Every structure is written in structure tokens, then in C-alpha cells.
Amino acid sequence: MSSNVSRETLASVLDEIALLLEIEGENPFKIRAYRQGAETVRSYDGDIVAMAREGELEGIKGIGKALQDKLHELATTGTLGFHQNLRGNYPETFFELFEIDGLGPKKVAAVHKKLGIDSIDGLRKACEASELAALSGFGKKTEQKILEAIARREQFADRFHLDAAAHAASVILARLKEHPDVLRAQYAGSLRRSKETVGDLDFIVATSKPAELTRYFAEMDLTDHVIVHGDTKCSIHLENGLQCDLRAVSNDEYPFALQYFTGSKEHNVALRSRALKQGLSLNEYGFSGSSEIPEVHEERDIYSALGLDYVDPALRENRGEIEAAEAGTLPELVSWEQLCGTFHNHTTASDGRDTLHEMAEAAIDLGLTYLGIADHSKSSFQARGLDEERLLTQIEEISAWNSEHGESLRIFAGSEVDILKDGSLDFDDSLLAQLDYCVASVHNAFTLDEKTMTQRIIRAMENEHVTMLGHLTGRLLLKRDEYAVNHDKIIDCAAETRTIVELNCNPRRLDMDWRWWKKARDKGVRCSINPDAHRTEQFQYLRFGADVARKGWLRKQDVINTMNLEEVEAFLALPKSSR
DNA sequence: GCCGTTTTCGGCCCGACTGTTTTCAGTCG
């Protein structure tokens, strides 16, 4: 009776059960219970896999008796009889069908039952042979839309990196604000909440002419094609496949629509149930109900009407922010303007595009007062990592810069030193001691098991010369999964050894993940927001870094690069154990 | 299937839009 299932396995089995129950036409509330169970498993703050294995799940909201038993069976045996029975003979490809826009459980069930379709490939062939239009509830247009959705799915990713989404959003938002009938406009959704990747963009405009605005949106030159177009909402795809939704509402409704479409869904559910207890019903258009209706002009008025402090959009994930808003204990979050410098940046010495001088000038232009250079070490030969000799030369070069231009920008000499497979470092301690600081990162042997990988990283953190840990999990968003590492143990070790943990704010990484920062912060772990810039423009990533740090509940005092130059120099001069 | 300051039974969000209908079911957010 032992197995090694992951948290994600537990959650995705519950999700798959929900999908299969939908196909069977089960009670929608039962289906929702499984979905919420999956979400609870994903976001639970504790080792829920061990708890499931030990049968200690009682008392977790959203996991009742039935789900407790199922999770226990899954965690101990690795499979779940109920799930296996439900799955029956559906092949793995069957579940792809739900990824097609416009296809829901009812339509999937129909094509499966009537035409025996169990893959996207089969669906395409049936559409091309006009077999679908013969089914009741289907027609020519449905076939056409399905074919388009299949083609789009093959051509484009279904999620986008934060920088691409933020760029598109700023362009479209500017376009909306240009319109003379727009009173207020903002983007909402997961971008406003600074999620690590974005599935679509949501825009809210306040206007007295909603139909005019949805027409304007549909006819923008940025619009590749229109998905839906009504009097108050319009959805389009951009050329790059990114879906954008517009909601046009009255000025009075605007704060409610902005709040509602910013989400998260979980945050909104909690907010609405709180409203109900006060005799108020809350939806995307306003308050209603038996109690006196509060006056609302801004989003923050909605929160204060419910007896809550204003909750920053980044925190709206129903992970304790509503309780903190009620108690008046929400953190004062770090902001981008508070960042005085940055560590972990590359130059042409290793795999950067711009020279030390170009990077320095760009940092000055951005208003930074210090800049950490951390080029790769020799084992990262694919990145032209520096050997001992070249690193010593770079230290001299930096020293020369500081003598000449130190008034405008202090450069710190560092290294992004490889953590080798056994946890030792790519340079000797004697060389590391000559640096101002050092970032230690894993760049190879990604497939070690969790225990070995965790031990490897811990050994590196125990080195007194390792100032900070680079991109903890090595994930590349939308491209490469994180390697196996025990976050809890790393966080404990970072607290103990006074090792700073990097928030790598390259939008392809955003690593360590925002979900872990509050726990790390509460244990006294400090964060360094690092752009991992390989070219001057990438200093702009610091903005995403501050957004994601906010999402992780971080305050100014938790982030070392909010220190001014004098403070950070004094900090780095201290022995590691006293920092 | 879950939950409890309306409750251990009876709720659980619902409005906008589309396509296929001929008054509405399905999907999405």
C-alpha cells in the first residue's frame, strides 16, 4: 500500500471525473463539487498528498467525506476505482475534444454517442465529410466553427507570456481610451491579477453608447476576426491568436464590472457570499437586495461596503486576502517604483547581447543606482560561461567602471555560478570570495529525483559565498516543466542559512512561483527581484517582477533591491549569517 | 457532492450571445 502520486495527479483525476460526469449528464452541483475539490487540492497550503495518504483530510473546506475517501484511495494505491469505471473505454485522445472552443459536454457527448468520435482528428474528418450537420442541434455553421477552432488550436498556444499579453493590452487600452464616448476603461482578468501566464484579455469600458463601442472594438484594425458581437459584449481574436473580450457598461455599473471581471472566480464567490450575509446580492452590474444599497463610484467602494479594506487585484485569489481585508491586516505591497537596483544580469561576456557599458547606461536611464552583473560560469559552456581568468578580468573591468562612473551607478561584480550535479559550485570559494555577491543556479541534470535535487540545492545554499539562489525550479513557462524540488525544505534552508531567494522576473520564468512567497516571507526569507536581463530592454521585466512580488504578498522590507545603495553595500558586507 | 448566523435538507450565480430552432439549448465567462 504505497504509491507516489503528486498533488497535480490528485487534482487532475478529480477534474477528469467532473468532465466524465458532465458527459453522463450528472447533477451540475455534484460536478462543481469535484471541480472545487480539484481547486482545493491545488491551492491547499500544506502537504495534502501526505494527508490524503494518512487519511487526515477531515476539516478541509470543499473536501467532504466522499472526496476524502477517493483521495485516500488515490494517494495510497495510485488509482481510483470510481474513476477507472467512469473512464470505461474512452481513449486518452477523447479528452482533447473539450479543448475545442464552442464544444462543451453536451456536444462532445452527442458526437461520441452518435458518430463514435473520440479524437480531434476524428472530429475534423467528420466535419469535412459534413456528418455533424446531420445531428440535431448541429448545423453547417457549427461545423465551420469547429474546423476553425481546430485550426487555431494547432496554430497558436492557448496561453501567452505576461509580456506579450501586457503589450497587447496597453495598445488596445490606448485605442479604447481614444474613443470619445469612453468615460473610463481598464483591462481586467488574469492580466490585472498578474498571473504568470494569460489566457485572454478582458477590457471594461464605461460609456453611454455600449453598442457603438462593441462595434468599434470589432472593427479595430488589430482585430483578426470576431468571435461574438452583441450590444454590450464583443470577443475577438488578435492576429497572434490572443482572445480579447470587451464589456461595455454604464458609468454606474463600471466599478462592478471591473471588479467582477478581474476575478478570480474564487475571490468573487467568497465576496458574493459575504454580501449575501449582509442582505446584499452582488453581480457584475451592482448591488441589489433587501438592505440599503450602498453608494459605489469606484471599485474600492464595493469593498468598503462589505466592511473590507481595498484588496489589490494581485491578491484576489481567495488565499486569505478577504480575511486579512476584514481584519485590517493586508500587507502594504512592494511597488516597482521602490526598486533601486537589480542583481542577476548578463553581458556579452557570456550569453548577453549588450556590453557591460551598454547595460550600465540602460540601468542609469531607468533610474537605478546599482546594478549586479552575474554572467554564467564555466560549466554553462552553451552560454559561453566565464572561466576563472575571464571572471577575474571582468571583476577588474567593473572596478574600473566604478572608479570612473561610480557616482552615477555602482556595479556589483557577481557570477551566476552553476550548482553542479552533486551540489558543489563551479568556482572555488577563494574566487567566490573576491566577488561582491553570487547567484547560484541549476542549469543541468534536471531529471534528478526530488530528494536528490533538493539536497543538491541545499548544499549550495549552505555555502557562505552564495548570496542568493537563482530560478529555483528552472521552469520555462508554456515550454518546460519545473524540475522536482521540495519548496518547503528549500524555504526552511533559505531562512536558516540567510540565503536570499530570487524572484526571477523574466516572463518566461517568474520563478520562484508566486504561490510560495507568502510562506517564505513569513519564515523571514528575503527576495531579490531579478530580471535575468540578457539585453538592455529586459530591465523592463522588473515591472513584472514587482507585480508578481505583490501577488506573493511581499512588502518593501521583504525585497532586498528596495534598499538604497548605502544599505545594500552594508548588507552585502555583513557575514552571511548576520544578514 | 458540499455545506450550515435562513439549514442536517435544500440550495448551490446567472446574463450575454450564437446557432438551430420556431421558443430554446448549449457554451462561455
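The values are calculated or read from the model by the stated rules, or taken from the named source; none is laboratory data. This one's a predicted model, so the numbers in the text were calculated from it and none came from an experiment. Neighbour counts run over all protein chains shown; Cβ positions are idealised from the backbone, glycine included.
Look at A:Thr214 and say whether it is within 11 Å of DNA strand B (Cβ to nearest atom), surrounded by fewer than 19 Cβ atoms within 10 Å (Cβ to Cβ) and polar (S, T, N, Q). Considered against the rule, which asks whether it is within 11 Å of DNA strand B (Cβ to nearest atom), surrounded by fewer than 19 Cβ atoms within 10 Å (Cβ to Cβ) and polar (S, T, N, Q), A:Thr214 comes out as no. Summed over the stretch A:246-257, residues that are within 12 Å of DNA strand B (Cβ to nearest atom) and not in a helix (DSSP H, G or I) total 6. Among the residues making up the stretch A:5-36, those that are of a type in the set (S, T, N, Q) and away from DNA strand B (no atom under 12 Å from the Cβ) are A:Ser6, A:Thr9, A:Ser12. Under the condition of being under 30 Å from A:Tyr44 (Cβ atoms) and not in a helix (DSSP H, G or I), the residues counted in the stretch A:293-334 number 19. When you look at A:Leu71, is it farther than 30 Å from A:Lys145 by Cβ and either aliphatic (A, V, I, L, M) or surrounded by 14 or more Cβ atoms within 10 Å (Cβ to Cβ) (or both), yes or no? Spelling it out, A:Leu71 is indeed farther than 30 Å from A:Lys145 by Cβ and either aliphatic (A, V, I, L, M) or surrounded by 14 or more Cβ atoms within 10 Å (Cβ to Cβ) (or both).
Testing A:Glu502 on (1) assigned to a loop (DSSP other than H, G, I, E, B); (2) in contact (Cβ under 8 Å) with a residue 40 or more places away in the chain; (3) touching a strand residue (DSSP E or B) at 6+ places or on another chain (Cβ under 8 Å), one condition comes back false. Which one is that? Failed condition: (1).
Looking across A:Glu482, A:Glu566, A:Glu496, one residue alone is at pLDDT below 95 and either in contact with a strand residue (DSSP E or B) (Cβ under 6 Å, 6 or more places away or on another chain) or assigned by TED's automatic domain parsing to the domain that holds A:Leu448 (or both). It is A:Glu482.
Results for (1) within 30 Å of A:Lys106 (Cα to Cα); (2) hydrophobic (A, V, I, L, M, F, W, C), shown as yes or no for each residue.
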site	(1), (2)
A:Cys127	yes, yes
A:Ala133	yes, yes
A:Ser136	yes, no
A:Glu148	yes, no
A:Glu178	no, no
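Checked against the criterion of being under 21 Å from A:Asp351 (Cβ atoms) and either modelled with pLDDT of 95 or more or in contact with a helix residue (DSSP H, G or I) (Cβ under 6 Å, 6 or more places away or on another chain) (or both), the candidates A:Gly474, A:Gly470 yield just one match: A:Gly470. Do you know which residues across the stretch A:545-562 are part of a helix (DSSP H, G or I) and under 13 Å from A:Leu510 (Cβ atoms)? Correct list: A:Gly545, A:Ala546, A:Asp547, A:Val548, A:Ala549, A:Arg550, A:Lys551. A search for C-beta distances below 9 Å between a residue of the stretch A:52-64 that is under 18 Å from A:Leu80 (Cβ atoms) and outside the structural domain of A:Val13 (by TED's automatic domain parsing) and any residue that is in a loop (DSSP other than H, G, I, E, B) and more than 8 Å from DNA strand B (Cβ to nearest atom), counting only pairs 6+ apart in sequence or on different chains, returns nothing.
Of the residues that make up the stretch A:271-280, is at least one closer than 23 Å to A:Lys551 by Cα and either touching a residue at least 60 places away in the same chain (Cβ under 8 Å) or surrounded by 19 or more Cβ atoms within 10 Å (Cβ to Cβ) (or both)?
yes
Residue count for the stretch A:224-236 satisfying the condition of being more than 8 Å from DNA strand B (Cβ to nearest atom) and either within 21 Å of A:Asp252 (Cα to Cα) or surrounded by fewer than 18 Cβ atoms within 10 Å (Cβ to Cβ) (or both): 2. Just one of the listed residues (A:Glu178, A:Glu196, A:Glu239) is more than 16 Å from DNA strand B (Cβ to nearest atom) and surrounded by 16 or more Cβ atoms within 10 Å (Cβ to Cβ), namely A:Glu196. Residues of the stretch A:365-391 being among the basic types (Lys, Arg) and part of a loop (DSSP other than H, G, I, E, B), which ones? Scanning the stretch A:365-391 gives A:Lys378, A:Arg384.
Scanning the stretch A:269-285 for residues that are more than 8 Å from DNA strand B (Cβ to nearest atom) and not hydrophobic (A, V, I, L, M, F, W, C), we see that the one that is farthest from A:Gly320 (Cα to Cα) is A:Gln278. Quick check on my filter: what residues within the stretch A:423-445 are assigned to a loop (DSSP other than H, G, I, E, B) and among the small types (Gly, Ala, Ser)? Scanning the stretch A:423-445 gives A:Gly423, A:Ser424, A:Ala433, A:Ala445. Exactly one residue among A:Gly59, A:Gly81, A:Gly104 is exposed (fewer than 13 other Cβ atoms within 10 Å of the Cβ) and more than 32 Å from the chain's Cα centre (by Cα), and that residue is A:Gly81. When A:Ala52, A:Ala66 are screened for being outside any loop (DSSP other than H, G, I, E, B), within 29 Å of the chain's Cα centre (by Cα) and either within 13 Å of DNA strand B (Cβ to nearest atom) or not charged (D, E, K, R) (or both), only A:Ala52 passes. When each of A:Leu86, A:Leu97 is tested for being more than 31 Å from the chain's Cα centre (by Cα), more than 9 Å from DNA strand B (Cβ to nearest atom) and either buried (at least 17 other Cβ atoms within 10 Å of the Cβ) or not polar (S, T, N, Q) (or both), the lone residue that passes is A:Leu86.
Can you tell me which residue is surrounded by the most Cβ atoms within 10 Å (Cβ to Cβ) among those in the stretch A:281-292 that are part of a strand (DSSP E or B) and of a type outside the set (A, V, I, L, M, F, W, C)? So, considering only residues that are part of a strand (DSSP E or B) and of a type outside the set (A, V, I, L, M, F, W, C), the one surrounded by the most Cβ atoms within 10 Å (Cβ to Cβ) is A:Gly286. When the stretch A:136-168 is filtered for residues that are away from DNA strand B (no atom under 15 Å from the Cβ) and in contact with a strand residue (DSSP E or B) (Cβ under 7 Å, 6 or more places away or on another chain), the ones remaining, listed by number, are A:His161, A:Leu162, A:Ala168. Starting from residues that are free of Cβ contacts under 8 Å to residues at least 12 places away in the same chain and outside any helix (DSSP H, G or I), keep the ones in the stretch A:110-135 and report whichever is nearest to DNA strand B (Cβ to nearest atom). The selected residue is A:Ala129.
Among residues of the stretch A:409-421 that are assigned by TED's automatic domain parsing to the domain that holds A:Asp387, those with a Cβ under 6 angstrom from a residue that is among the β-branched types (Val, Ile, Thr) and surrounded by fewer than 24 Cβ atoms within 10 Å (Cβ to Cβ), sequence gap 6+ or separate chain, pair up as A:Leu409/A:Ile364; A:Ile411/A:Ile398; A:Ala413/A:Ile395; A:Ala413/A:Ile398.
Quick check, is A:Leu420 buried (at least 18 other Cβ atoms within 10 Å of the Cβ) and within 21 Å of A:Phe446 (Cβ to Cβ)? Against the criterion (buried (at least 18 other Cβ atoms within 10 Å of the Cβ) and within 21 Å of A:Phe446 (Cβ to Cβ)), A:Leu420 qualifies.
Inside the stretch A:25-51, residues that are over 23 Å from A:Lys489 (Cα atoms) and without any contact (Cβ under 8 Å) to a residue 60 or more places away in the chain make up a count of 13.
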